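Read the structure below first, then the notes.
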Amino acid sequence: VRYRALTEAVVSTQSTGEAEFVLCIDSVGKEGLHLHVSKQPKAGTPADRMLRAFQEAASLLYPNTTLQTVPKKVNLGNPMFAWHHEIFTVKRLSAGTLSNFPSHTTPGRLNSFDQKVDDGVLLKNTHIIAEAIGRYVSEVSDESVAILQDHMVPSKELLARTVQYLASTERSATLLKRESSVISFLDQMLNKFISEVIVTDFKASKRDPEFQFYDQSEVKLFAYNVKPAVFDLFLAVAVFAYLGAVYLCVKAIPHVLTAIYQSKKLKSS
């Protein structure tokens, strides 16, 4: 589903040509921040400016926090992308993914269950992300000046309540309709801080669907009773024995006919 959403974003971005750098956020609820890119950013490029903005924000707000760049080439032979930004990179757009995981193969990232989030760490990472984006957009490089002041600083209580609500609410893709409580909550939350919020419905193609939802009320379970391998071995031995017996019988027919003929000849003489 996220791949489908990113595909739509790529098409929209290419049609407008307004994207200078695409920042994808993967997981920021734990310690450590890593900016994953397809190659090491060159000086003066949007990726380099974004990296410096993150480094300046981390150094200014939380001096003990370090941000590392992890370059990884896109594997075009793999149908599954390792990071979200790779779909933009393939389309020749400058992009990167921010995550607390150092690698896409880290076991914690492959876990589909909810994981415990430290509210303090989430606040710190959110503050750094917001400050870095503000510095990038405003083109501020003075490390003594903070873009976010007073009420613009993320609230720990708001983040904690949001995480608690999402963790206690069903948010499976099959249940997320336009009138879903989660969609309404996110829509209202974003409208408080963003001027343009659009809820878009994605529908899979009927001919060649890129994704498919399975409703539990329509799931069919198929169970097959399979014979063990020993049975196959026994059956193979029996077949070979039968064929061997038939072969021996066929080979013995001329000898049997000869014996019968000789016995009849002796009797007649």
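Summary table below
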read-out: Residue that is most open to solvent (accessible area, probe 1.4 Å) [pool: residues in the stretch 205-247 that are at pLDDT 65 or above and of a type in the set (Phe, Trp, Tyr)]; value: TYR224
read-out: Flag if THR97 is part of a strand (DSSP E or B), in contact (Cβ under 8 Å) with a residue 40 or more places away in the chain and either crowded, with 19+ Cβ neighbours inside 10 Å or of a type in the set (Val, Ile, Thr) (or both); value: yes
read-out: Criterion: in contact with a helix residue (DSSP H, G or I) (Cβ under 9 Å, 6 or more places away or on another chain), without any contact (Cβ under 8 Å) to a residue 12 or more places away in the chain and not basic (Lys, Arg) - qualifying residue of VAL153, VAL117, VAL140; value: VAL140
read-out: Residue in the stretch 121-130 that is open to solvent by 90 Å² or more (accessible area, probe 1.4 Å) and either more than 15 Å from SER59 (Cβ to Cβ) or modelled with pLDDT under 80 (or both) present; value: no
read-out: So PRO102, is it in a loop (DSSP other than H, G, I, E, B) and either at pLDDT 85 or above or buried (at least 17 other Cβ atoms within 10 Å of the Cβ) (or both); value: yes
read-out: Which listed residue, of ARG109, ARG161, is under 19 Å from the mean Cα position of the chain (by Cα) and part of a helix (DSSP H, G or I); value: ARG109
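The values are calculated or read from the model by the stated rules, or taken from the named source; none is laboratory data. Note that the structure is predicted; figures quoted are calculated from it, not measured. Every residue, glycine among them, receives a Cβ derived from its backbone with ideal geometry; neighbour counts consider all protein chains shown. Areas reflect the complete protein model, heavy atoms only, side chains present, ligands, DNA and RNA absent. Shrake-Rupley method; radii C 1.70, N 1.55, O 1.52, S 1.80 Å.
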